[in-house]
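K.L.:
Submitted below is the structure of interest, expressed as structure tokens.
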Amino acid sequence: MPLDLPRLASWLRCPVCAADLEPVDRLTLGCANGHRHDVNKRGFVSLLGGGSKHLGDTAEMLDARDAVLEGGAYSPIAAAVAAAVTGTRILDAGAGTGYYLRAALAESPDATGLAMDLSPQAVARAVRSSERVDGLVADTWRPLPVRDAVADVVLDVFAPRNLPEFHRALRPEGLLVIVVPRADHLASLRAAGTMLDIPSDKAEDVIRAAEPLYALQARESVAYDLALTDELRTSLVGMGPSARHAAAGAALDLAVDTTRVSVDVLTFGRR
Ligand SMILES: [Zn+2]
């Protein structure tokens with residue numbers, strides 16, 4: 001995939017001084033204040049800065065996530081996300097391998113996307129997956145190295161949220177689309193002891209937190225039962241944060257043959 005450096009730069013600002021980044025040479029972006037940032041040959045840029053204490057997904061977690069997503073287990077969620085999106089510049093915060101971003105782009109032939117994630121491996125996969133996706137390695141918890149009002153839509157699917165920074169990155173009246181798990185999401189797997197992490201976000205909490213900056217426009221619940229194969233069960237466990245702690249093989253012996261997928265898709269308008 002040829003790297004479109006001007007298109008990548010069009011999203012970005014300097015993480016040091018916040019001036020716009022522009023192409024300087026074939027694999028370098030720079031700002032007017034002389035800061036230079038190398039672009040990876042694989043077509044994305046890392047603007048992490050120093051001192052990020054958060055961990056990106058490992059290659060094993062990404063493999064598990066790919067197996068679940070590309071197998072279609074969450075395709076109704078992707079369809080709901082794609083239906084919520086309107087606009088041609090889509091910033092996916094915590095994009096992972098770009099599955100939901102690609103679903104959104106498929107709805108709109110003129111749209112382009114920026115896949116932002118803390119994991120360089122995830123961003124590399126997202127960029128490789130579509131010629132309309134540019135890639136940025138950055139930490140959602142820090143000031144985002146993206147320009148003001150650069151996005152028509154910010155997507156945040158099962159990912160950390162930086163509501164003030166998403167607000168800054170969105171154009172006036174742009175959309176923020178957030179997917180959060182409901183309390184019963186994958187409950188049978190959790191009950192079987194495989195998932196250490198219990199969904200802590202509730203749609204109500206997200207709506208309340210967003211209220212000063214965003215007006216809720218739509219709330220859609222997506223819920224269905226998912227038949228589990230051994231492979232899918234293992235991948236569902238392996239894709240989450242619990243994979244860091246749990247022995248992945250422990251999931252293989254479970255006698256759980258279905259689980260409930262249950263999420264809220266929240267669409268907000270930027271105030
Ligand atoms: Zn700079």
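K.L.:
Which distance in nm do the two modelled labels at residue 204 and residue 142 give, with both placed 7 Å along the Cα-to-Cβ direction?
P.N.:
3.6
K.L.:
Could you compute the net charge surrounding residue 265? Neighbours are other residues with a C-beta less than 15 Å from the C-beta of residue 265; K and R count +1, D and E count -1. Provide the component values of the computation, followed by the final result.
P.N.:
Working: positive: 161, 182, 202, 219; negative: 92, 107, 156, 201, 204, 220, 264.
Result for the local shell: -3.
K.L.:
Also, I was wondering about something else. If you filter the range 1-95 for trypsin sites (Lys or Arg not before Pro), then keep DSSP loop positions with at most 10 other Cβ within 10 Å, what is left?
P.N.:
Taking the range 1-95 and a limit of 10 other Cβ atoms within 10 Å, the loop trypsin sites (Lys or Arg not before Pro) found are 26, 41, 53.
K.L.:
A further question on this structure: Compute a Gaussian network model of the chain, connecting alpha carbons closer than 10 Å, and tell me which residue from 139, 148, 201 fluctuates the most.
P.N.:
Evaluated over the chain, the most mobile residue of the options is 201.
K.L.:
Quickly estimate the mean residue ellipticity at 222 nm for the chain, helices only: each DSSP H run with n ≥ 4 gives -39500 (n - 2.57), and the total goes over all residues, rounded to 500.
P.N.:
One gets -7500 deg cm²/dmol as the mean residue ellipticity at 222 nm.
K.L.:
Choose one answer from 84, 209, 126: the residue with the largest mean-square fluctuation in a GNM of the chain with alpha-carbon springs under 10 Å.
P.N.:
Greatest mean-square fluctuation among the candidates belongs to 209.
K.L.:
Once you have the Cα-Cα distance between residue 4 and residue 20, take 0.36 nm times their residue separation minus that, and quote the gain in nm to one decimal.
P.N.:
Values: separation 16, 0.36 × 16 = 5.76 nm, distance 1.66 nm.
Roughly 4.1 nm would be gained on extension.
K.L.:
Compute a Gaussian network model of the chain, connecting alpha carbons closer than 10 Å, and tell me which residue from 67, 227, 187 fluctuates the most.
P.N.:
Evaluated over the chain, the most mobile residue of the options is 227.
A short reminder: the numbers here are calculations on the coordinates, not readings from a lab. Here the structure is a predicted model, which means the values were calculated and not measured. All Cβ positions, glycine included, derive from the backbone under ideal geometry; neighbour counts span all protein chains shown.
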